[in-house]
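The values are calculated or read from the model by the stated rules, or taken from the named source; none is laboratory data. Computed from a predicted model, the values in this text were never measured in an experiment. Every residue, glycine among them, receives a Cβ derived from its backbone with ideal geometry; neighbour counts consider all protein chains shown.
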């Protein structure tokens, strides 16, 4: 049976061989379009080419363009009701309702609270509002021409009836899926000319398999979750598009907005060729969860700061009964590629070359020392070898003092514990070369080159991605799920401030973000992970020595990386 990577290669080869002409995109029906233009520093604006004098010229405040309230609402055909007592502008267009209050950074759009970078204000006695927010909340599109310092708003009532549909294939389950669903409903409500339709897959394997099948059928979703190595495979086909043109386009990201992304997050969205085929979505790293009560009983007053301390703590926490039977382990651990990857880097080793086609750990002393640490802990029974989520269960029932798991798994750990003891959370320990933690999780990709999608749909897909990776949305996403926020300014958002204040140790993942190591953005890494996992099992079960196991692992990984 072909694995996913080989199946994709076959699919793409068939497409190259037999696809000669792509179906033409059906012509869009004629629309009644309103085009509005305003220039910074000018007291005039145009509506469908007709110039009108503005009560107050457009200005830039905090990086956002403000225009006279009455001008933009009348130009779009909306009704305006002013509440003098509360200084609130109530705008209605079709079924869409907006409420902005002077100097308030929270507005209402169709009953959703929307955080504004810049609130409505009064300048020279005239009410001005952020044009992008007002226009897009009523279903329009906006573009910015930095050279001319011009904002262009385009709008058609037809867009409210014939929304731009964006199919999004994802695999978020349980509470994670609930958060994504809620946020997507908010986007749809606050962007009434667009509709993102979530298609939830049972798991990541199903998502990858169905995406490959959809590529073969020339019917991919517009946007989808994808690991870096998946994106590397998809990019060899016809349909996956880069985000560079969107980021640098008229509705793109400013230099300040780009700089606001955590550097590691921003870097993780590039492939080996340097092109940005992805945008950050659900990113996490591994932390240590530990039983604080058990630590206190063993006289340990802090979480392990180094891997040597981790090993020492495992020995102190280890317990046997009078018969010599194991009743408590220092830690429980299901062999993890991501933990081992982090451990090797913490010891000063590397996994692959910069070009991702050569293995570097086979004869590495750093990799041997890192792997030997865990092999010794397993051999001494200071660390319990488990499978699947057995390590989490051991911590939950009080049989293990520590467990290494994703930051997003804390809610599951808390359920497993059931309040039986005080839970601690800390960054992964440091090794001789410092602290390192693998940054993993999926990004969003866009199959924007598929002929079935119109430019309106692609623009709507980008609008959703831009909105989802905005500071406030990222703050809500992180607070609700435990994922790491992609934006630095999200840490200043009241929603995330409150979440971290309630559970300060949940900042552990953030504390190790600057030292993150990125997963290889190459198609071979998917198969390489399977090879690493199989060889780690043999090493940690004592079937082979560390040196023998790493040598075999290197050969296995090299074979799939080169393909």
Within the stretch 113-126, track down each residue that is within 19 Å of residue 78 (Cα to Cα) and modelled with pLDDT of 95 or more. 120
Is there a residue in the stretch 154-164 that is modelled with pLDDT of 95 or more, more than 18 Å from residue 94 (Cα to Cα) and surrounded by fewer than 23 Cβ atoms within 10 Å (Cβ to Cβ)? no
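For the stretch 315-322, state whether one or more residues are part of a helix (DSSP H, G or I), touching a strand residue (DSSP E or B) at 6+ places or on another chain (Cβ under 6 Å) and either under 26 Å from residue 535 (Cβ atoms) or at pLDDT 95 or above (or both). It would help to see each step written out before you state the result.
From the stretch 315-322, those part of a helix (DSSP H, G or I) are 315-317; that's our starting set.
Remaining after also requiring touching a strand residue (DSSP E or B) at 6+ places or on another chain (Cβ under 6 Å): 317.
After this cut, where a residue has to be either under 26 Å from residue 535 (Cβ atoms) or at pLDDT 95 or above (or both) as well, the list is 317.
Taking every residue of the stretch 315-322 in turn, at least one turns out to be part of a helix (DSSP H, G or I), touching a strand residue (DSSP E or B) at 6+ places or on another chain (Cβ under 6 Å) and either under 26 Å from residue 535 (Cβ atoms) or at pLDDT 95 or above (or both).
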Residues that are under 22 Å from residue 503 (Cα atoms): which strands (runs of 3 or more DSSP E) entirely in the stretch 326-438 hold 2 or more of them? 400-406, 423-427
Residues (free of Cβ contacts under 8 Å to residues at least 60 places away in the same chain and either in contact with a helix residue (DSSP H, G or I) (Cβ under 8 Å, 6 or more places away or on another chain) or under 16 Å from residue 198 (Cα atoms) (or both)) located in the stretch 456-483: 474, 475, 478, 479
Return yes when residue 36 is in contact with a helix residue (DSSP H, G or I) (Cβ under 8 Å, 6 or more places away or on another chain) and either on the phi < 0 side of the Ramachandran plot or assigned to a strand (DSSP E or B) (or both) and no when it is not. yes
Suppose we keep only residues that are in contact (Cβ under 8 Å) with a residue 12 or more places away in the chain and out of contact with any strand residue (DSSP E or B) (no Cβ under 8 Å at 6 or more places or on another chain) within the stretch 183-200. Which one would you say is nearest to residue 72 (Cα to Cα)? 191
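Give 501, 534 a once-over and let me know the one that is at pLDDT 95 or above, assigned to a helix (DSSP H, G or I) and over 30 Å from residue 353 (Cβ atoms). Give the steps one after another, and end with the answer.
Numbers: 534 fails: over 30 Å from residue 353 (Cβ atoms).
501 is the lone residue from the list that is at pLDDT 95 or above, assigned to a helix (DSSP H, G or I) and over 30 Å from residue 353 (Cβ atoms).
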Sort out which residues of the stretch 498-530 are more than 19 Å from residue 427 (Cα to Cα) and surrounded by fewer than 18 Cβ atoms within 10 Å (Cβ to Cβ), and write them in order of number. 498, 530
What number goes with the only condition from (1) assigned to a helix (DSSP H, G or I); (2) within 18 Å of the chain's Cα centre (by Cα); (3) without any contact (Cβ under 8 Å) to a residue 40 or more places away in the chain that residue 245 does not pass? (2)
Could you please give the count of residues in the stretch 175-200 that are farther than 20 Å from residue 109 by Cβ and outside any strand (DSSP E or B)? 4
With (1) in the same structural domain as residue 522 (by TED's automatic domain parsing); (2) surrounded by fewer than 20 Cβ atoms within 10 Å (Cβ to Cβ); (3) touching a residue at least 60 places away in the same chain (Cβ under 8 Å) as the list, and residue 260 as the residue in question, which single condition is left unmet? (1)
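Restricting to the stretch 146-170, give me the number of residues that are touching a strand residue (DSSP E or B) at 6+ places or on another chain (Cβ under 6 Å) and either under 30 Å from residue 444 (Cα atoms) or assigned by TED's automatic domain parsing to the domain that holds residue 471 (or both).
13
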